[in-house]
Amino acid sequence: MIASTSRAAYETVKIARNEEIVLDVIRAHEPITNQGVAKLLGWSESRVTGRTNGLNYKNLIRVLDHNGKTESGKSAKRWVVISPGDKQLKMFY
């Protein structure tokens, strides 16, 4: 069970509109790469990368692994959303 104060802190993180759009796509399609998000939104990969960096900094998403692939075959980070329960665990490890 998650403490109400932890849930409140999680829910009050301020994010920009484009970050919210990217977060919604990651939530719906996780695990997903920046390139995957960009294709779904019709955005450039660099536009998505800035948003995922911000969301990662705010502890709203995390890298699951580097098992994603770009169109050129290079490895890529795959992102997943951090749930409030995950945030609690992160504090102890």
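The values are calculated or read from the model by the stated rules, or taken from the named source; none is laboratory data. Predicted model only: the values in this text are computed from it and were never measured. Backbone-built Cβ (ideal geometry, glycine too); neighbour counts: all protein chains shown. The accessibility values were calculated without ligands, DNA or RNA, using every heavy atom of the protein model including side chains. Shrake-Rupley method; radii C 1.70, N 1.55, O 1.52, S 1.80 Å.
Summary table
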item: Residues that are open to solvent by 20 Å² or more (accessible area, probe 1.4 Å) and not hydroxyl-bearing (S, T, Y), drawn from the stretch 42-61; result: G42, W43, E45, R47, G50, R51, N53, N56, K58, N59
item: Matching residues, the stretch 15-49, being of a type outside the set (A, V, I, L, M, F, W, C) and touching a residue at least 24 places away in the same chain (Cβ under 8 Å); result: N18, E19, R27, E30, P31, T33, N34, Q35, G36, R47
item: Index of the failed condition, L64 passing every other in (1) assigned to a strand (DSSP E or B); (2) open to solvent by less than 20 Å² (accessible area, probe 1.4 Å); result: (2)
item: Residue identified as open to solvent by 60 Å² or more (accessible area, probe 1.4 Å), modelled with pLDDT of 95 or more and in contact with a Ser or Thr (Cβ under 8 Å, 6 or more places away or on another chain) among K39, K77; result: K77
